[in-house]
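The values are calculated or read from the model by the stated rules, or taken from the named source; none is laboratory data. The shown structure was predicted, so the numbers you read here are calculated from the model rather than taken from an experiment. Using ideal geometry, Cβ is built from the backbone for each residue, glycine included, and neighbour counts are taken over all protein chains shown.
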Amino acid sequence: MSSQPLVLVVEDNEVNQLLTASVLEREGFQVDLACDSTQAMERLRERTPELILMDVQLPGMDGLALTRRLKTDPATAQITIVALTAHAMTGDREQTLAAGCAGYISKPIDTRTFAGQVRAFLPRSAPDPGPARTDATLSGT
Ligand code: MN
């Protein structure tokens, strides 16, 4: 049980939130949810996740602004943050990296490969619970 990595999903769209959480939980992750930056910071005061999945477009403080803020706070600076962006276009990768993200995953998510994509970003790769397909390659370096 203790080997289940905790992921904080920051996402304002309820359907995306539920889909993301259910896919991750099915694949053996623990999931915390937040619908905006304020709620995300509250969750982070309670528990420190291994990884944060950060929707870029949030009401109020957007995901990149929140990422910059978390990266300047010693309490949260070491947490790996991966952006969730609906605009996987040239320039977005640079913006997410500049804000402090380790990378990004495009929305809509591919439920077959999503957990593998997330796992690839974990600081220490967690043991794979099953004979998952290994086609979740991440392009680029
Ligand atoms: Mn959004």
It is to be established whether one or more residues within the stretch 43-56 are within 20 Å of ILE105 (Cβ to Cβ) and polar (S, T, N, Q). no
With the structure loaded, tell me whether ALA40 is aliphatic (A, V, I, L, M), within 24 Å of GLN95 (Cα to Cα) and either in a helix (DSSP H, G or I) or away from the ligand (no atom under 16 Å from the Cβ) (or both) or whether it fails that test. yes
Starting from residues that are over 25 Å from ALA115 (Cβ atoms) and either within 11 Å of the chain's Cα centre (by Cα) or not polar (S, T, N, Q) (or both), keep the ones in the stretch 72-95 and report whichever is nearest to the ligand (Cβ to nearest atom). GLY91
Scan the stretch 45-63 residue by residue and report those that are within 16 Å of the ligand (Cβ to nearest atom) and assigned to a helix (DSSP H, G or I). GLY63
Of those in the stretch 19-37 that are away from the ligand (no atom under 16 Å from the Cβ) and not in a loop (DSSP other than H, G, I, E, B), the residue surrounded by the most Cβ atoms within 10 Å (Cβ to Cβ) is LEU24
Could you please tell me which pairs satisfy a Cβ distance under 8 Å, a separation of 6+ or placement on different chains, a first residue in the stretch 65-82 that is in contact (Cβ under 8 Å) with a residue 40 or more places away in the chain, and a second residue that is part of a helix (DSSP H, G or I) and among the small types (Gly, Ala, Ser)? LEU66/SER37; LEU66/ALA40
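For the stretch 90-109, what are the residues that are of a type in the set (S, T, N, Q) and not in a helix (DSSP H, G or I)? Walk me through how you get there before you give the answer.
Going residue by residue through the stretch 90-109, those that are of a type in the set (S, T, N, Q) are 90, 95-96, 106.
Answer for the stretch 90-109, where residues must be of a type in the set (S, T, N, Q) and not in a helix (DSSP H, G or I): THR90, SER106.
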Which condition breaks for ASN16 when tested against (1) within 16 Å of the ligand (Cβ to nearest atom); (2) crowded, with 19+ Cβ neighbours inside 10 Å; (3) assigned to a helix (DSSP H, G or I)? (2)
How many residues, within the stretch 1-14, are farther than 21 Å from GLN78 by Cβ and modelled with pLDDT of 95 or more? 4
